[in-house]
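In what follows, a structure is listed as structure tokens, so that the remarks can point back to it.
The values are calculated or read from the model by the stated rules, or taken from the named source; none is laboratory data. Worth saying up front: this structure is predicted, and the values here are computed from it rather than measured. In this analysis, Cβ positions are derived from the backbone assuming ideal geometry, glycine residues included, and neighbour counts consider all displayed protein chains. When the accessible area is computed, the model is the full protein with side chains, heavy atoms only, and any ligands, DNA or RNA have been set aside. Shrake-Rupley method; radii C 1.70, N 1.55, O 1.52, S 1.80 Å.
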2 protein chains.
Amino acid sequence: MPEFPRQSVPTLKARRLGIDTHHETVVFMRSDCHVCRAEGFSALNRIHLTSSEGSIIATLNVVHGDLLEAGEIGLSESSWQRLGVNVGDRIEVSHARPLDSFSFVRAKIFGGEFTADRLQEIMSDITAGRYSDVHLSSFVTACTSEHLNTGEIIALTDAMVKAGDRLGWDYPKVMDKHCVGGLPGNRTTPIVVAIVAAAGLVMPKTSSRAITSPAGTADTMEVLAPVDLTLNQMRKVVDQEGGCIVWGGAVSLSPADDILIRVERALELDSEAQLIASVLSKKIAAGSSHVLVDIPVGPTAKVRDHASAIRLSNSLNLVGEALGIKVQSMFTDGHQPIGYGIGPSLEARDVLNVLQNKASGSGMLRDRALDLAGAILEMAGQSTLGSGRNQAKMLLESGKAWQKFQAICEAQGGMREPVLAKYTHEVVSGAIGHVEHINNRYLSRLAKLAGAPADKAAGIEMHVRIGKRVEIGEPLFTIHAESPGELGYAMDFLAAHPGLMIVEEEQL
Amino acid sequence: MPEFPRQSVPTLKARRLGIDTHHETVVFMRSDCHVCRAEGFSALNRIHLTSSEGSIIATLNVVHGDLLEAGEIGLSESSWQRLGVNVGDRIEVSHARPLDSFSFVRAKIFGGEFTADRLQEIMSDITAGRYSDVHLSSFVTACTSEHLNTGEIIALTDAMVKAGDRLGWDYPKVMDKHCVGGLPGNRTTPIVVAIVAAAGLVMPKTSSRAITSPAGTADTMEVLAPVDLTLNQMRKVVDQEGGCIVWGGAVSLSPADDILIRVERALELDSEAQLIASVLSKKIAAGSSHVLVDIPVGPTAKVRDHASAIRLSNSLNLVGEALGIKVQSMFTDGHQPIGYGIGPSLEARDVLNVLQNKASGSGMLRDRALDLAGAILEMAGQSTLGSGRNQAKMLLESGKAWQKFQAICEAQGGMREPVLAKYTHEVVSGAIGHVEHINNRYLSRLAKLAGAPADKAAGIEMHVRIGKRVEIGEPLFTIHAESPGELGYAMDFLAAHPGLMIVEEEQL
């Protein structure tokens, strides 16, 4: 074959478009761009970008018109950050190589089995951003459809751990908890950590911020203390106080899980395999040795009945055992919100009221926290079987848990008081009767429209529970917002959704 | 419940961003937009847009920075066209309702079966643009993974037909052909249509443009005559000449197929069920009564072995029968390109050479076209069994097929001559030996880099076939391009991919 002189590789000028395409790396090229035409690129092709800083694979969106100048390539936020370029850097563009590890997904789709090696290659590619959303969706569907066996779930969990960071602790026992399918206002974690640490155990809790809910544990805790700690700062808090409640974002624990969860949500596809791998990969990566899993069971909870709860619990134990951590489950009532508040500040107030043993504290929140903390004390062998709850109760009632919580907040950077919102609207009953139904999904929507979680003080304060008898004019709940506009949006929504709370009128 | 005055629904000003996201409808909103914040939208949410013209569902990309002005909403091309708005129109934005039909996909993923009703609802939603790429990928994966049974394939094909337009013809027999997995340079269709129409049969052929290949039948035919006909113009041509070769874009035949194919390609996922539904839905929607399916079999063709070809052929027959059309398959050699040319003009020249019975015509292309045309004549009962090929040969050699082809071109708007490219580069052998291997995939890439199919005259002209003995300096193939730059890109690629054609050197 003849040899030709190699032309210089064509480059384009990087432009940051500020478009958030979440995990998926996307680039934008003009339809009349010489590179685009010569390489035969068309919309949705996967292409390979190289800058002086490194290289990534991205999905192409072709642009007609003048959004981009000639010779420019536009980058989404994810592309910009992964490639690590600066404004005006030159970027080389070429066709992406086929994604080798996706052939393992295809083999699974056609009825094969995942080996540990294959799952590790897949998770490594997913974490590196080499899977488009279309690939991720296919993987998630195949895992659900083809029913991973226990061996595959163990290998998937392990691969997810290995694709990210992993914390190590110099303690014989590292306690943790997780709640499957959180109810609104179920903010037990800060109370449980305070009790368990007060008992002398180690519980370094990394929590998430809200993705679709009105508050995550990290959002709520941030009302009371800084949660944005580096790994070293977090270690210092734990060494000093035995516990912490921080945001998990500083360390990259099972990053593949975060990427997959977004697609699972879009598809509303919850397989047991993925639930188990998701929960346990985060806990193993966090260095936990003992995990208590709170499984709320109820008609609108993630786990609908007792039989499913038992099956899930058994699988969690098996997978945990294979990967060297002790997992125990607790089935709890998943019918309605636990505390009074929904939204970061209002939930934080609930937490303080319980820790301070105030009469105004939510009894349900206190009971749930004591059940969970008691089970953890027993798991760790700190209490004998059957005496954990009593020990937890003593630690709470004696004020030791409250002292420990204050010490943890101080160690995390200083305790703060919850600030309440400027604008409130009290919703009262228009009838005499009983509260018959509360729609949790609408409650969450209402809290988000009022501004939660971005506005910490925004949210909903519940005054009644299912079954409560109310008079005309008696308060049902109060909407809290930080601007009149947001209060207005919430009230609009409420007017359009009267089924949010139903009061069954008494026949007089 | 109390009543609140309903606020006016917030609207945003439409801006056309010119971004081609292919099928998926995408919109862009500022992260600090009041609607975005109040509704709690985040990246990749599906949202509902309403203008005075109608409404659509679209995927949200959040924008940071100044790509959009405050109060604006940016629309991708697909969103802009589907919503049918004008610059500056006001658009209402709200959360999209859950996609009901996707629950049927979920049921399938968990092992259920598709009913005809459910598949119709799914295809209708896909055609209306209500499925994001993530949903489409899950559907395609589930169909592959869960192995649709024959009843489901029939229902899927029928649902795909019903989701689009359907042509009716006032002829007892309407002939058609299809090739599964086209080889480069396999441009038999114009020759087959000319022969079959010359025999007095009706063959209204709608063809596609290239998506990933260097030329589609419509691209090649466009070199010789207009193909961009309206449905009425097409009917006139067929009524007058018995045949046509037009672009299928004027009518929307099985539009769900076009949407699904793009995702199947991205996943490189070819299920037999989807192949059958894709081929037959297009043919049934086009009003065909008899379809000959050309199945090239070869190691790099879509169908790899004889057993798979037989299985595919049987399924095609069963599904065709259930939906009222006669389907017959022909297994052909899928080892190497058929004609000499690759690219619209070069392929068009091959077609003319065969139709005009020139000695310079490709013998392989002529043979393949005669085989196919003969089989169609027999299917229609125009020839007795075993005599079809002879009749086809007589129609070709007598010049009747050539006359018919000219008449069809005139009826479609006037015949044109292929124009050849300005710039060529002849690649010659550097050794004495035999052509041992041709990489079809690289050939296609090379033709596209040279400018095909956008530059009609660009492409590759083959001078040798596998097994040919060549001397030093003997031409192997010629690259054709319409600009020196494109010729340069092609030559760069060639220099980097010497395995494109391998000449096994003789031991002297």
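Every residue in region A:74-100 that is away from chain B (no Cβ under 11 Å), acidic (D, E) and farther than 27 Å from A:T150 by Cα, please. Steps first, please.
Narrowing region A:74-100 to residues away from chain B (no Cβ under 11 Å): A:75, A:79, A:81-93, A:96-97, A:100.
Checking the rest, the ones that are also acidic (D, E) come to A:89, A:92, A:100.
Once the filter is applied, which keeps residues that are away from chain B (no Cβ under 11 Å), acidic (D, E) and farther than 27 Å from A:T150 by Cα, region A:74-100 yields A:D89, A:E92.
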If I go through region A:224-251 residue by residue, how many of them are among the β-branched types (V, I, T) and in contact with a Cys (Cβ under 7 Å, 6 or more places away or on another chain)?
2
Tell me whether region A:411-432 contains one or more residues that are within 12 Å of chain B (Cβ to nearest Cβ), exposed (fewer than 15 other Cβ atoms within 10 Å of the Cβ) and under 25 Å from the mean Cα position of the chain (by Cα).
no
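Being touching a Cys at 6+ places or on another chain (Cβ under 9 Å) and either within 11 Å of chain B (Cβ to nearest Cβ) or open to solvent by 40 Å² or more (accessible area, probe 1.4 Å) (or both): is that true of A:M491 here?
Against the criterion (touching a Cys at 6+ places or on another chain (Cβ under 9 Å) and either within 11 Å of chain B (Cβ to nearest Cβ) or open to solvent by 40 Å² or more (accessible area, probe 1.4 Å) (or both)), A:M491 does not qualify.
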Matching residues, region A:132-156, being closer than 23 Å to B:R265 by Cα, part of a loop (DSSP other than H, G, I, E, B) and either without any contact (Cβ under 8 Å) to a residue 60 or more places away in the chain or open to solvent by 50 Å² or more (accessible area, probe 1.4 Å) (or both)
A:E146
Give all pairs with beta carbons closer than 8 Å in which a residue from region B:254-281 that is more than 13 Å from chain A (Cβ to nearest Cβ) and closer than 22 Å to B:D305 by Cβ meets a residue that is crowded, with 20+ Cβ neighbours inside 10 Å and acidic (D, E); count only pairs at least 6 apart in sequence or on separate chains.
B:S278/B:D257
Please verify whether A:A197 is modelled with pLDDT under 95 and outside any loop (DSSP other than H, G, I, E, B), treating the condition exactly as stated.
no
Return yes or no: is A:I211 within 14 Å of chain B (Cβ to nearest Cβ) and β-branched (V, I, T)?
yes
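Given the structure, is B:A194 of a type outside the set (V, I, T) and open to solvent by less than 10 Å² (accessible area, probe 1.4 Å)? Reasoning before the result, please.
Numbers: of a type outside the set (V, I, T): yes; open to solvent by less than 10 Å² (accessible area, probe 1.4 Å): yes.
Answer is yes for this residue.
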In the list B:I325, B:I342, B:I284, which residue meets the criterion of being within 25 Å of B:P190 (Cβ to Cβ) and within 14 Å of chain A (Cβ to nearest Cβ)?
B:I342
For region A:71-93, name all the residues that are without any contact (Cβ under 8 Å) to a residue 60 or more places away in the chain and over 33 Å from the mean Cα position of the chain (by Cα).
A:G71
Tell me which of these B:A225 doesn't satisfy, since it passes every other one: (1) within 13 Å of B:G413 (Cα to Cα); (2) outside the structural domain of B:R311 (by TED's automatic domain parsing).
(2)
The conditions are (1) surrounded by fewer than 19 Cβ atoms within 10 Å (Cβ to Cβ); (2) facing another protein chain (nearest Cβ under 9 Å), and A:E486 fails exactly one of them. Which is it?
(1)
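Restricting to region B:115-131, name every residue that is open to solvent by 10 Å² or more (accessible area, probe 1.4 Å) and either touching a residue at least 40 places away in the same chain (Cβ under 8 Å) or within 16 Å of A:V134 (Cα to Cα) (or both). Break it down stepwise before answering.
Within region B:115-131, the first condition is being open to solvent by 10 Å² or more (accessible area, probe 1.4 Å), and the residues that meet it are B:115-118, B:120-121, B:124-125, B:127-128, B:130.
Residues satisfying the conditions are B:T115, B:A116, B:Q120, B:T127, B:R130.
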So, of the residues in region A:463-476 that are touching a Leu at 6+ places or on another chain (Cβ under 8 Å) and within 22 Å of A:Y423 (Cβ to Cβ), which turns out to be most open to solvent (accessible area, probe 1.4 Å)?
A:H463
Pair list, Cβ under 6 Å, 6 or more apart: region A:493-505 residue assigned to a helix (DSSP H, G or I), other residue among the polar types (S, T, N, Q):
A:G499/A:N439; A:L500/A:N439
Qualifying residue in region B:49-59 (condition: assigned to a strand (DSSP E or B) and either acidic (D, E) or without any contact (Cβ under 8 Å) to a residue 24 or more places away in the chain (or both))
no
Would you call B:A452 under 30 Å from B:V193 (Cα atoms), touching a strand residue (DSSP E or B) at 6+ places or on another chain (Cβ under 9 Å) and not assigned by TED's automatic domain parsing to the domain that holds B:N353?
yes
Scanning region B:101-127 residue by residue, the ones that are away from chain A (no Cβ under 12 Å) and not aromatic (F, W, Y) total 15
Please work out which residue is modelled with the lowest pLDDT, limiting yourself to region A:303-334 and to residues that are of a type in the set (V, I, T) and closer than 19 Å to A:L377 by Cβ.
A:T332
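Just checking, how many residues over region B:19-49 are more than 21 Å from B:F102 (Cβ to Cβ) and at pLDDT below 90?
Quick first cut of region B:19-49, residues more than 21 Å from B:F102 (Cβ to Cβ) only: B:19-20, B:28-40.
Narrowing further to those that are at pLDDT below 90: B:20, B:31-40.
Number of matching residues: 11.
Which ones in region A:70-83 are over 14 Å from A:D20 (Cα atoms) and either surrounded by 14 or more Cβ atoms within 10 Å (Cβ to Cβ) or modelled with pLDDT of 90 or more (or both)? Please lay out each step first, then the result.
Initial filter on region A:70-83 (over 14 Å from A:D20 (Cα atoms)): A:70-73, A:83.
Of everything in region A:70-83, those that are over 14 Å from A:D20 (Cα atoms) and either surrounded by 14 or more Cβ atoms within 10 Å (Cβ to Cβ) or modelled with pLDDT of 90 or more (or both) turn out to be A:G71, A:E72, A:I73, A:L83.
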Within region B:54-65, can one find any residue that is within 8 Å of chain A (Cβ to nearest Cβ), on the phi > 0 side of the Ramachandran plot and at pLDDT 90 or above?
no
For region B:157-185, which positions are outside any loop (DSSP other than H, G, I, E, B), open to solvent by 20 Å² or more (accessible area, probe 1.4 Å) and over 30 Å from B:K448 (Cβ atoms)?
B:D158, B:K162, B:D165
Breaking point among (1) among the polar types (S, T, N, Q); (2) in contact with a strand residue (DSSP E or B) (Cβ under 6 Å, 6 or more places away or on another chain); (3) modelled with pLDDT under 90, for B:S132:
(3)
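What helices (runs of 4 or more DSSP H) completely inside region B:200-306 contain at least 3 residues that are within 21 Å of B:V351 (Cβ to Cβ) and open to solvent by less than 20 Å² (accessible area, probe 1.4 Å)? It would help to see each step written out before you state the result.
On the way: elements: B:217-224, B:231-241, B:255-267, B:272-285.
Counting at least 3 such residues, we get B:217-224, B:231-241.
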Selection from region B:436-449 of residues more than 9 Å from chain A (Cβ to nearest Cβ) and touching an Asp or Glu at 6+ places or on another chain (Cβ under 8 Å) yields B:E436
